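Asker: One structure follows; several queries about it will come next.
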Amino acid sequence: MAETTFMGVPREKIPWFPTIDYDKCTFCMECDVFCPHHVFERREGDRKLVVANPNNCVVFCRACAKTCGPDALSFPNKPEIIALIKQIREKESAK
Amino acid sequence: MKRAILSCNGLDKPEGSVAREVAIRTAEAIESEIICPVLLNRAPARYKKILSGSSLIVVDGCSTRCATKLATGLGAKVERKVMVSDSVKASGKPLESTLRLQPDGLTLAQSIVDELVHNLNAPAAAPEPVAEFEAPTEYLFVTHDKFEFRIPVVDYAFNENDVWARVLDGVARVGISDYMQQKLTDISYFDPPKVETAVDQFGELGSVESAKAVFEIVSPVSGTVVGVNPAVIENPGLINEDPYGSGWLVEIKVTDFAQDQALLLDGAAYADVVKRKAAEE
C-alpha cells in the first residue's frame, strides 16, 4: 500500500481512520461487515475487533461510523486534516 | 399522498425511547398512522395497503437504522427521515442511560417533532436549477469482475471521494460517480444540504442513503449552495439511473474554482482511482 496517495500526499502521512471506543463497542461487527477496505480485523480475546489497517481507510469517509448503533467509532477533525494535507502538498511543491 | 410513520420500537437504548415518542407525537400532529416495526417485520401483509398508498416518515433511534432498513427492504417510499442520535449529538447533551423517558428526552422529542412538522408543512423551497447542462457523450470505462463503471471524459472534475463537479457560468453542479452509485446499490433517500449555506471544499453536502450505507457527499468545490435537485428528492432512484445527468444533487455558486481544481482530478485520473478502489475490494 506504500504507493497509495490521497490528493498527491502519501496515504500514511494522513492520520484519517476510525478509533474504536471499547467502552461503547458491542462487537456487533456491523462496521466490519460494511467496510469493503478491510480496515478492521477480528481478533480472539477481549478486543474482538481492532483497526488493523488504518491506511486502507478512505480519507474523509465516515460511513462505518454511520453503521454503528452504539456510536463507538470516531474520526479526526476534518478541517484539521484538510489543512495538514494542504501543508504537506505545499512543502512537496516547494522542493 | 397519505403519510405513515415507521419508527424504531424504542426498547434498546434511550435514543430509541425518544424515537418512539417522536413517532407518537408526530402521528398526533399530522394525524397519521403508526406502523409497528416488529409487526411489520413479522407480518408485512398487515401493512401492505398502508405501505402502497403512503409515503413514510422514518424515525431511527440510532445508526443501526432498523426502521430505515425495514422501509428500504420493503421498497417503501420514504418522504423524510429523522435520526435521533444525530439530534442528541447536535444538542450537546447525552441522554441519561435509562429506557424511561426523562424530561430532557421529552424536550428533545418535542423539538424534533416541531422541526419535522414545520418542514412537512412547508417543504424547503427547491429553486429551479440554475445551469443548463448537456449530458456527457463520451465515457471512459473501468471494468472489474462483472461491473463496468462509466466516467465522463471531459467537463467533469472529481474528488477522491467519488463526487463530481461540472462548472458552467460560475455554478457547479455536483453529483456522485457511477462507481459510487453502483457501490451503494438502490439509493432510497437524499438528505440535501440547506440552500444558501456556505460550504468549503471537502465540506459536507448532505448524504445519500441505501440499505447498504449512508454516503456523506464530500463537496468538490467551495461556495454557496444555490439549489438542490427536486427531482432526486422526489425520486432518489434517478441517482442510480443517471448519475452524471438527471441524477445530479446540488448546485453551488463557486468562490474560486481554479483553486479548487488544484485538488481535483480529471476523468482519466479519476478512472485510475476507481481502478485502484475496485481492485482493493
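Rule-based calculations on the coordinates, nothing more; no lab input. Everything numeric here is computed off the predicted structure, so don't read it as measured data. Glycine gets a Cβ as well: all are built from the backbone with ideal geometry, and neighbour counts include every protein chain shown.
Asker: For the range A:13-77, take every pair of Cα atoms, bin their distances at 5 Å starting from 0, and report each bin as a whole percent.
Answerer: Going out from 0 Å in 5 Å bins, the range A:13-77 shows 3, 19, 33, 27, 13, 3, 0 percent.
Asker: Convert each backbone phi in the range B:248-256 into a coupling constant with the Karplus relation 6.51 cos²θ - 1.76 cosθ + 1.60 (shift: θ = phi - 60°), then list the ³J(HN,Hα) values in order as whole Hz, x for Gly and Pro.
Answerer: 5, 10, 9, 10, 10, 6, 7, 8, 8
Asker: Between 0 and 90 degrees, rounded to the nearest ten: what's the tilt of helix B:267-280 against the longest Cα principal axis of chain B?
Answerer: Between the helix axis and the principal axis of chain B, the angle is about 50 degrees.
Asker: If you fit an axis through the alpha-carbon atoms of helix A:78-94 and take the longest principal axis of the Cα set of chain A, what angle between them do you get, 0 to 90°, nearest 10?
Answerer: That helix lies at roughly 30 degrees to the long axis.
Asker: Have a look at the DSSP beta bridges in the protein assembly as shown and tell me what percent are antiparallel, nearest 5.
Answerer: 75
Asker: Let me ask something else. If packing is taken as the average number of other Cβ atoms within 10 Å across a peptide's residues, how do B:176-184, B:132-140 rank, most packed first?
Answerer: In decreasing order of mean packing, B:176-184, B:132-140 become B:176-184, B:132-140.
Asker: Please list B:49-59, B:213-223, B:258-268 highest first by mean number of surrounding beta-carbon atoms within 10 Å per residue. Don't skip to the end; give the middle numbers.
Answerer: Values: B:49-59: 19.9, B:213-223: 24.2, B:258-268: 16.2.
Answer by packing, highest mean first, reads B:213-223, B:49-59, B:258-268.
Asker: How large is ³J(HN,Hα) for each residue in the range B:213-227, as worked out from phi by the Karplus curve 6.51 cos²θ - 1.76 cosθ + 1.60 (θ = phi - 60°), to whole Hz, x for Gly and Pro?
Answerer: 7, 9, 10, 6, 8, 8, 5, x, 9, 9, x, 10, 5, 10, x
Asker: While we're looking at this one, here's another question. What ranking do B:37-44, B:109-116 get when scored by the average of other Cβ atoms within 10 Å per residue, highest first?
Answerer: Per-residue mean Cβ counts within 10 Å order the peptides as B:109-116, B:37-44.
Asker: Compute all pairwise cysteine Cβ distances in the protein assembly as shown, then list the cysteines with no distance under 4.7 Å to another cysteine.
Answerer: Isolated Cys, the protein assembly as shown: A:25, A:28, A:35, A:57, A:61, A:68, B:8, B:36, B:62, B:66.
Asker: Across the residues of A:67-74, average count of Cβ atoms on other protein chains within 10 Å?
Answerer: 5
Asker: Would you calculate a helix-derived [θ] at 222 nm for chain B, using -39,500 (n - 2.57) for each DSSP H run of n ≥ 4 and dividing by the full residue count, to the nearest 500?
Answerer: Helices in chain B give a 222 nm mean residue ellipticity of -10000 deg cm²/dmol.
Asker: Arrange A:82, B:187 by Cβ neighbour counts within 10 Å, fewest through most, would you?
Answerer: Going from least to most buried by this count: A:82, B:187.
Asker: Given H placed 1.01 Å from N in the peptide plane, which residues other than close sequence neighbours of residue B:5 have an amide H under 5 Å from its amide H?
Answerer: Here the answer is B:33, B:34, B:35, B:57, since their amide H atoms fall under 5 Å of that of residue B:5.
Asker: Also, quick follow-up: Kindly provide the trypsin sites (Lys or Arg not before Pro) of the range A:12-69 that DSSP labels as loop, not H, G, I, E or B, and whose Cβ sees at most 16 other Cβ atoms within 10 Å. The partial results should precede the final answer.
Answerer: Numbers: sites: A:13, A:24, A:42, A:43, A:47, A:48, A:62, A:66; in loops: A:24, A:43, A:47, A:48, A:62.
Here the trypsin sites (Lys or Arg not before Pro) that fit, given the DSSP loop and packing criteria, are A:24, A:43, A:47, A:48.
Asker: Another one. Could you estimate the translational diffusion coefficient of the protein assembly as shown from the Stokes-Einstein equation, with Rh from the Kirkwood formula over C-alpha pairs, at 20 °C and 1.002 mPa s, in whole µm²/s? Mind showing how you got there, number by number?
Answerer: Numbers: Rh = 21.9 Å.
Using the Kirkwood radius from Cα pairs, D works out to 98 µm²/s.
Asker: On to the next question. Over the whole of B:196-205, what's the average partner chain Cβ count within 10 Å per residue? Rounded to a whole number, please.
Answerer: Average neighbour count from other chains, rounded to a whole number: 2.
Asker: Across 10 Å bins from 0, what is the distribution of all Cα-Cα pair distances for chain B, in whole percents?
Answerer: Values per bin, smallest distances first: 7, 27, 31, 22, 12, 1.
Asker: Note the full-extension length gain between residue B:104 and residue B:255 as 0.36 nm times their separation in residues minus their Cα-Cα distance, in nm to one decimal.
Answerer: On the way: separation 151, 0.36 × 151 = 54.36 nm, distance 4.12 nm.
Extra length available between residue B:104 and residue B:255 comes to 50.2 nm.
Asker: Here is a further query. Apply the Karplus parameterisation 6.51 cos²θ - 1.76 cosθ + 1.60, with θ equal to phi minus 60°, to every residue of the range B:199-211 and state each ³J(HN,Hα) to the nearest whole Hz, in sequence, with x for glycine and proline.
Answerer: Each residue of the range B:199-211 in turn: 9, 8, 4, 6, x, 8, 10, x, 8, 10, 9, 10, 4 Hz.
Asker: Using a Förster radius of 25 Å, what is the FRET efficiency between residue A:12 and residue B:276 based on their Cβ-Cβ separation? Nearest 0.05, please.
Answerer: Values: r = 16 Å, r/R0 = 0.62.
So, using R0 = 25 Å, E works out to roughly 0.95.
Asker: Within 10 Å of each Cβ of A:55-62, how many other protein chain Cβ atoms are there on average?
Answerer: For this peptide, the per-residue mean of nearby foreign Cβ atoms is 4.
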